[in-house]
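The values are calculated or read from the model by the stated rules, or taken from the named source; none is laboratory data. These figures come from a predicted structure and were not determined experimentally. No Cβ is skipped: glycine too gets one built from the backbone with ideal geometry, and neighbour counts run over all protein chains shown. Surface areas here come from the heavy atoms of the whole protein model, side chains and all, with no ligands, DNA or RNA. Shrake-Rupley method; radii C 1.70, N 1.55, O 1.52, S 1.80 Å.
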Amino acid sequence: MLTVDSRKSRVIVETGAGGLLASLAHDLRVLAPIAGGTSTDGESCTVRFDVAAMKVAESSRHETGAWHAPSPSDAIDIEHRIRREVFDGCSAVSVHGRLDGARATLTVRARGEQAVDVPIRVERDANGARATGRCELSLRALGTGKVRIPLGAIKLDDRVSVTFDVVFVSSD
């Protein structure tokens with residue numbers, strides 16, 4: 001049995017701004033700490049994220065590429081909006097993954113569900129395994145809410161990019 005080492009694992013969700021006034025908005029990098037996860041066979045796994053634990057790590061004026069830490073008050077405001085508007089009524093996100101060579105099928109569940117097939121790199125040693133990769137998800141497919149500020153002039157793009165580095169350790 002393998003379990004996720006949440007201290008060594010890292011999942012980052014990148015969002016983009018859209019809408020008529022997107023140039024006035026910020027793109028975000030949100031840390032999604034893993035609450036738990038296991039793999040019984042080393043080929044498939046289930047991982048869970050608590051929505052309340054997601055934290056804004058960086059922001060950037062839309063498409064400028066200059067990332068910086070948001071002010072503490074901005075980060076708290078954005079995190080509240082994520083919980084209230086994007087994940088309203090959904091306290092956790094779960095991911096079931098299955099390896100097939102150098103690819104994995106990831107099924108992500110929030111209020112809705114989306115399956116994606118992605119390239120993945122898996123490194124194994126005597127103590128466990130490390131899985132790294134990147135995928136794009138649709139917020140609409142996951143059943144999340146829409147974030148819109150002043151009459152939809154600024155909104156959150158449907159596509160988010162997720163970069164993951166998940167470390168599994170032997171629990172035997």
(request) Report, ordered by the first and then the second residue, all pairs with beta carbons closer than 9 Å, sequence separation of six or more or different chains, a first member in the range 64-90 that is in a helix (DSSP H, G or I), and a second member that is open to solvent by 80 Å² or more (accessible area, probe 1.4 Å). (result) Ala75/Lys55; Glu79/Lys55; Arg83/Ser91; Glu85/Lys146; Glu85/Arg148; Val86/Lys146
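Considering only residues of the range 19-49 that are in a loop (DSSP other than H, G, I, E, B), closer than 30 Å to Arg61 by Cβ and modelled with pLDDT under 95, which is least open to solvent (accessible area, probe 1.4 Å)? First the steps, then the outcome.
The initial filter retains those residues of the range 19-49 that are in a loop (DSSP other than H, G, I, E, B), namely 19-21, 25, 32-33, 40-43.
With the extra rule that they be closer than 30 Å to Arg61 by Cβ, the set shrinks to 19-21, 25, 32-33.
Adding the requirement that they be modelled with pLDDT under 95 leaves 19-21, 25.
Working: Gly19: 36, Leu20: 152, Leu21: 69, Ala25: 11 Å².
Only one residue tops the list, namely Ala25.
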(message) Could you check the range 114-141 and list, in sequence order, the residues that are among the aliphatic types (A, V, I, L, M), loosely packed, with under 15 Cβ neighbours inside 10 Å and at pLDDT 95 or above?
(response) Ala115
(message) Every residue in the range 93-113 that is in a strand (DSSP E or B), open to solvent by 30 Å² or more (accessible area, probe 1.4 Å) and over 20 Å from Asp41 (Cβ atoms), please.
(response) Arg109, Glu113
(message) Considering only the range 98-119, I want to know if a residue exists there that is in contact (Cβ under 8 Å) with a residue 60 or more places away in the chain and not polar (S, T, N, Q).
(response) no
(message) Out of everything in the range 81-92 that is at pLDDT below 90 and open to solvent by 20 Å² or more (accessible area, probe 1.4 Å), what residue ends up being farthest from Val30 (Cα to Cα)?
(response) Gly89
